[in-house]
Amino acid sequence: MHNAMSVIKAVLLAAGKGTRMKELTNELPKPMLHVHGKPILLHIIEGLKAASVTHFLIVVGYRAEVVKEFFGDGTAFGISIEYTHQIVQDGTGRVVELAKPFAGQDPFVLSYGDILVASENYKRLVELADAEALISVKYNPGEVSKGGAVFVNDRFELTDLREKPAPGEPTSPWYNAGIYTFRPSIFDFTAKLELSPRGEYELTDAIRNLGQSGKCVQAIELAGEWADVRDPEVLAALNQ
């Protein structure tokens, strides 16, 4: 049995440039773009802090200094923040490896730095209970071909995970919402990753392998608003 303590660590991925944002990210990494007057990354940190997360690791890369100057060591925000640099952009699977020293023996929430969700969701994501991992999902049958389709059983546990299923391939109405909670066991699976067809180490492959190893990866349906701030149109709509 796992202990029932809440997760107090989080790993935020903020290394990418966000090329689809065009000139908006010439000076800023995408997670530092403003929504309602403050950086996306600050929205995420505030939501996690409200759920009692106090130790953060931010994975930086492009324009790392912008993130570091804004957040510093976290003292001003009432939390502690460490940084690690992603040098090679070789996929999300390898990025998680960078969090291994930070995580140690502890579970952690992992969020992409451009995913905005209603703040109350974080409180559910810090409660692992008996699960080995949590994967957040949205019910979105139309969008699944653009992202990851999450297949679940009648206990809403992950049975499979497929990136961008093509027409005719098995699909699921549950869309991978890009926020996870892991125990350190995820590192056993990221370490064994092989390059995907698009030449990257995919975190989703590690999650599928974890779920198919007999461990429980519990899906959690997010409530309220959810946005993947992937392009200028989404950003503009959020800021209306």
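The values are calculated or read from the model by the stated rules, or taken from the named source; none is laboratory data. Remember, it's a predicted structure, so these values are computed and weren't measured experimentally. Here the Cβ is made from the backbone with ideal geometry for all residues, glycine too, and neighbour counts use every protein chain on show.
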Q: For residue 172, work out the one condition from (1) over 27 Å from residue 47 (Cα atoms); (2) polar (S, T, N, Q); (3) surrounded by fewer than 17 Cβ atoms within 10 Å (Cβ to Cβ); (4) free of Cβ contacts under 8 Å to residues at least 60 places away in the same chain it doesn't fulfil.
A: (3)
Q: Please go through the stretch 47-83 and pick out each residue that is among the hydroxyl-bearing types (Ser, Thr, Tyr), surrounded by 13 or more Cβ atoms within 10 Å (Cβ to Cβ) and more than 18 Å from residue 114 (Cα to Cα).
A: 54, 80
(Q) Can you find, within the stretch 111-155, the residue that is surrounded by the fewest Cβ atoms within 10 Å (Cβ to Cβ) among those that are closer than 30 Å to residue 32 by Cβ and in contact with a His (Cβ under 7 Å, 6 or more places away or on another chain)? (A) 116
Q. Mind checking which residues of the stretch 100-128 are part of a loop (DSSP other than H, G, I, E, B) and in contact with a strand residue (DSSP E or B) (Cβ under 8 Å, 6 or more places away or on another chain)?
A. 106, 107, 113, 114, 118, 126, 128
Q: Considering every residue within the stretch 120-129, establish whether at least one is within 16 Å of the chain's Cα centre (by Cα), at pLDDT 95 or above and among the polar types (S, T, N, Q).
A: yes
Q.
Can you find, within the stretch 47-73, the residue that is nearest to residue 9 (Cα to Cα) among those that are part of a loop (DSSP other than H, G, I, E, B) and of a type outside the set (Ser, Thr, Tyr)?
A. 53
Q: Could you tell me which residue of the stretch 223-234 is farthest from residue 114 (Cα to Cα), considering only residues that are aliphatic (A, V, I, L, M) and not in a helix (DSSP H, G or I)?
A: 223
Q) Does the stretch 83-101 hold any residues that are of a type in the set (Ser, Thr, Tyr) and either at pLDDT 95 or above or more than 16 Å from the chain's Cα centre (by Cα) (or both), and which are they? A) 83, 84
Q. Which one of these is surrounded by fewer than 20 Cβ atoms within 10 Å (Cβ to Cβ), in a strand (DSSP E or B) and under 18 Å from the mean Cα position of the chain (by Cα): 179, 220?
A. 220
Q) Do we find that residue 207 is part of a helix (DSSP H, G or I) and touching a strand residue (DSSP E or B) at 6+ places or on another chain (Cβ under 7 Å) in this structure? A) yes
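Give the number of residues within the stretch 138-152 that are aromatic (Phe, Trp, Tyr) and touching a residue at least 60 places away in the same chain (Cβ under 8 Å).
Total meeting the criteria: 1.
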Q.
Looking only at the stretch 148-176, how many residues end up being of a type in the set (Gly, Ala, Ser) and touching a helix residue (DSSP H, G or I) at 6+ places or on another chain (Cβ under 9 Å)?
A. 3
Q: Within the stretch 25-35, identify whether any single residue is assigned to a helix (DSSP H, G or I) and surrounded by fewer than 21 Cβ atoms within 10 Å (Cβ to Cβ), and answer yes or no.
A: yes
**Q.** Residues (closer than 30 Å to residue 118 by Cβ, surrounded by 14 or more Cβ atoms within 10 Å (Cβ to Cβ) and not β-branched (Val, Ile, Thr)) located in the stretch 182-199
**A.** 182, 183, 184, 187, 189
